[in-house]
Structures are given as C-alpha cells and as structure tokens.
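Structure first, then comments.
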Amino acid sequence: MYTFSSKLKTLSFILMAVGILGIGYGFLTAPKDIQDVEKLLAAESHGGHGEAKHEASSSSEAKHDAPSANHEVNTETKVEDTAATMPATDDTTVVAKEAHSEVAHAETNVKKEGHVVSEEAEHLEHLNHVLHQLQNKPWAAFYVACIFFMLVSLGVLAFYAIQQVAQAGWSPVLFRIMQGITAYLPVGSVIFFIFLLLCGFHLNHLFIWLDPEVVATDKLIANKSGYLNFPFWIIRAAIFLIGWNLYRYYSRKNCLAQDDANDDLNYKKNFKLSAMFLVFFIVTESIMSWDWIMSIDPHWFSTLFGWYVFSSFFVSAITTIALVTLYLKSKGVLEHVNTSHIHDLAKFMFGFSVFWTYLWFSQYMLIWYANIPEEVTYFITRIELYNLPFFGAVVMNFVFPLLILINTDFKRITWVIVMAGVVILAGHYIDFFNMIMPGTVGDRWFIGISEIASVLFFLGLFIYVVFTALTKVPLLPKRNPFIEESKHFHY
C-alpha cells in the first residue's frame, strides 16, 4: 500500500492556499466600472504604452473629419453656384452671401455635433468593451486551469478504457495509477459545472452568446440560438459529466471486485462497459469541445476542432500517467513496473505529440488556404496578439518532444521523461490558454497573478485528490487475466 508523503501533502495544501489568495486578488483588483478603466487607460497612455494607440486614434479622427470638410466645401460651391445664377443686383448679392453664410454655418454645426456624439458613443463602447475584457481576465484564467486539469483526468479515463477494450497485456500494472488520477474527475466536474452555472447567471462575459442583447443584434449568433442557449447547453454539460463519472465509478468498482473474485466475470463486465463508454466518449468529447471552448468564438468554427482538443488533453493525460508512475517508482513502490512500461508511455507521449502537430497544422493550413474572412480572423487574432504563446506552443508541444523523445534510449531515462513531460504539460496548458483567452480578454492578456494562481490551486487540488486516492487500494490488480504478462513485459 502506498502512503501519501507528508511533504507532498503539505505542498498540495500550500499550492491550494497560495492559489486561492492569488485568485481572490485577481477578482478584487479587476476594474469595477468604466471610471476604473479610464484611469487604467490614462495610466497606460502616460506610461508610453498608449502613444501608438493615441496616434492611430488621432489619424482615424482626421480621416473621419475629412468627409465633413469636403461636404462643407461642396455646400459652399453649391451656394455660390446658386448665387451666380441669380441676377447680379446688390440685394440678391447680399441675400446670396447671407444664405451662403447661414447654410455653411448650419452644416458645420451639424457635422461637428454629429461627430461629437459619435465620438462619445464610440469611446463609451470602447470603455465597456475593455471593462468586460478586464473583468473576464480572472474568470478566464480560472476557467483555463479548471478545464485543463479536468480534461487531463478525463483523458486518463479514456486511455484506461482503451486498454480495457484492446485487452492490452503491457498496461495492467498501471491500472491503479490510472484509476487514482481519474479520482480527480468527480471533484473537477463539480467545480466545472458550478462555473458553467455562474456563466449562465451572467456573472461574467466569457460566452457572449449567453447575453440576450448580443443575440438580439447579431444575426449569426441568433441563427445558432436553437443550439446555443443556456438550458440546452447546461443540460448537455450535465449529461456529459454524469456519463463520464458513472463509467469511472463502475469500472473502478468492477476492477476492485475482480481482485477477490474466483472468475473473470467482473473483467468481462468492464470490457463491455469500456466499449460502450468509448462510443459515448467519442461523441460527447466533440460536442464538449464545441460547447465549452469553440463557442467562446461563436462566429468561428472548425470541423477539426473536436479532434484537436482531444489530441491536446490526451497527450497531457498520458504524460501525467508517466510522471505519476515515475514518482511512485522513485518512492519504492510499483516493483513490477520496469523501463519497458516507461518506454511504452514515452512512445505514446511522442506519438500523440506528433498527432497534435498534424492536427494543428491541418486546421491552420486549410483555413489559411481557403482564406475565408470569417475563419481566418481566428488565426489572425492569435498570430497578431498572441504571437509568442501561439508559436511557442508549437515549439513546446512538437519541436521539443520530437528532439528529445525520438531517441529510443532516451525513452527509458527518468530525468529525460520528466523534463519532456513538464514541458509538454506546460505547452498544452498554453495551448488551452490560446484557445480560450483571445475570445474572452482580447489583447488584454498576460501571464499574471490570476493565471499563475489558478494553475497553482488546481495543481494542489489535483495532487491532493490523486495521491489520496492512491492510498486507498493496493497498487497492483491481483486477478486481472493479463497481470502476469504485464509483470514480465519487456520491449
């Protein structure tokens, strides 16, 4: 039996405590009204950050004024032409001049007043937009970390089900590790579902299609309202989360019952249950990616997006299995786990890193080649405003694993796997950051206290839940039909 290290448990509590404080700080320091936004923008402008924006704004205003000036010139010309067609008497000349003066003055005033009103409305709209972005920032940071850790546990659950259905002979010695990691799924699901409810109650603006005013003025979003509406959306979420957790509960129950059984009935139950779950998972995973991530940018869509999200959290899940296994191995448990098991996990890490890159490139290339304005906007925003994290994710999730894990010998070296694993997990967190942040905070992003604190909180919670679950049961399934083959597995 594994014993939860007091040092690791203390670390998990510290991470959660620091995370909660940082998350609270992020919400407290978020601007409350447009006056706070004006002060912030003024401070940025005085600091030099707003000079370029000010110049662009001045240029825009100059361009906006140009038509007014042209219109005034045209008005003057029309008045002069009218005066020229009248008889050249002193009275008519005076009348023409007075008419010219009055018309020109009236036109100038109307244009000036119209411009002032338009400028004020535009400025107010901009302030409200920035206010929503800055208020979204702590919510979005929390959301990225919340969904990332939950999907990591879901990915481990899917990997476990695949091993059951494939009747794999190499992996049964790792089953209890996988079950321990999936213990986070119920906890993560509850937090995530509460977060979705808060979104529906309009406590944030992460999903703009939840705002009735936006739906009323946006035809494209209005056309999707039959699918993108809060009741249907939250019901789908409940079905997905309950379905995943039910499989997790019964598959673990059957696996534990198999230890004390005299036949393979429980194993056969798990085989059938896993096959049904994988069908459910394939469908719900795609819909989940549309509902919880792609709908943040409701004007954009990609037919590859479900696979893309899957590849990101699935390789993160396999990496997590490898890191937890290596940690437990270093503590003197998992005596039957050898370098061949680690080697196979590293192969999956390498293979799905390449798979993620294939989908990343395919999605980007097809949209770039088609050059449809509604689609390319998604990538233009990320390349222009999120250039470093956007291309940095490719380096961390493809280039680095490719160079490190392509060597067969490196797949058996502990420190190499740990180094590659940490980079892959960080890279895919950034990948989720890239998927969620542009549609919620726009150009108001940076890796600050809210982002770091959210990761620390969920990391601490993840460690505590997972390693507590690992202490509850023996780490070796005794009566699995393939356990002997797994014990003596050599690649």
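Here are the numbers for the structure shown:
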item	result
Checklist (1) over 30 Å from residue 289 (Cα atoms); (2) aromatic (Phe, Trp, Tyr); (3) out of contact with any Ser or Thr (no Cβ under 9 Å at 6 or more places or on another chain) applied to residue 491, failing item	(3)
Qualifying residue in segment 301-319 (condition: open to solvent by 20 Å² or more (accessible area, probe 1.4 Å), hydroxyl-bearing (Ser, Thr, Tyr) and closer than 30 Å to residue 2 by Cβ)	no
Test: residue in segment 370-387 that is free of Cβ contacts under 8 Å to residues at least 24 places away in the same chain, over 25 Å from residue 447 (Cβ atoms) and among the polar types (S, T, N, Q)	yes
Flag for residue 431 being under 20 Å from residue 320 (Cβ atoms) and either surrounded by 20 or more Cβ atoms within 10 Å (Cβ to Cβ) or touching a residue at least 12 places away in the same chain (Cβ under 8 Å) (or both)	yes
Residues that are closer than 21 Å to residue 424 by Cβ, open to solvent by 50 Å² or more (accessible area, probe 1.4 Å) and of a type in the set (Val, Ile, Thr), drawn from segment 377-410	395, 399, 406, 408
Filter pass, residue 296 being in contact with a Lys or Arg (Cβ under 7 Å, 6 or more places away or on another chain) and of a type in the set (A, V, I, L, M, F, W, C)	no
Among the residues listed as 324, 337, 333, 283, the single one being without any contact (Cβ under 8 Å) to a residue 12 or more places away in the chain and farther than 22 Å from residue 142 by Cα	283
In segment 360-376, the residues that are within 19 Å of residue 309 (Cα to Cα) and open to solvent by 70 Å² or more (accessible area, probe 1.4 Å)	361, 366
In segment 329-359, residue most open to solvent (accessible area, probe 1.4 Å) [restricted to those that are among the aliphatic types (A, V, I, L, M) and more than 29 Å from the chain's Cα centre (by Cα)]	333
Flag for residue 220 being more than 29 Å from residue 194 (Cβ to Cβ), in a helix (DSSP H, G or I) and either among the hydroxyl-bearing types (Ser, Thr, Tyr) or touching a residue at least 60 places away in the same chain (Cβ under 8 Å) (or both)	yes
First in segment 463-491 and within 30 Å of residue 14 (Cβ to Cβ), second anywhere and open to solvent by 50 Å² or more (accessible area, probe 1.4 Å) and of a type in the set (D, E, K, R), Cβ under 9 Å, 6 or more apart	463/9; 464/9; 467/9; 468/9; 473/252
Residues being closer than 18 Å to residue 297 by Cβ and either of a type in the set (Gly, Ala, Ser) or open to solvent by less than 10 Å² (accessible area, probe 1.4 Å) (or both) - total across segment 121-140	2
Scan of segment 292-338 for residues that are touching an Asp or Glu at 6+ places or on another chain (Cβ under 6 Å) and of a type in the set (A, V, I, L, M, F, W, C), ordered by number	310
Options 288, 276, 294: the member that is within 18 Å of residue 163 (Cα to Cα) and either open to solvent by 70 Å² or more (accessible area, probe 1.4 Å) or not small (Gly, Ala, Ser) (or both)	276
Where residue 217 falls short, out of the listed (1) open to solvent by 40 Å² or more (accessible area, probe 1.4 Å); (2) in contact with a Gly (Cβ under 6 Å, 6 or more places away or on another chain)	(2)
Residues of segment 223-266 that turn out to be part of a loop (DSSP other than H, G, I, E, B) and either under 15 Å from residue 290 (Cα atoms) or modelled with pLDDT of 95 or more (or both), as a count	6
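Here's the yes/no breakdown for (1) open to solvent by 20 Å² or more (accessible area, probe 1.4 Å); (2) free of Cβ contacts under 8 Å to residues at least 12 places away in the same chain; (3) among the basic types (Lys, Arg):
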residue: 147; (1), (2), (3): no, no, no
residue: 150; (1), (2), (3): no, no, no
residue: 158; (1), (2), (3): no, no, no
residue: 170; (1), (2), (3): yes, no, no
residue: 195; (1), (2), (3): no, no, no
residue: 201; (1), (2), (3): yes, yes, no
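The values are calculated or read from the model by the stated rules, or taken from the named source; none is laboratory data. Here the structure is a predicted model, which means the values were calculated and not measured. Don't worry about glycine lacking a Cβ; one is built from the backbone with ideal geometry, like all the others, and counts go over all protein chains shown. The area values use the complete protein model at the heavy-atom level, side chains included, leaving out ligands, DNA and RNA. Shrake-Rupley method; radii C 1.70, N 1.55, O 1.52, S 1.80 Å.
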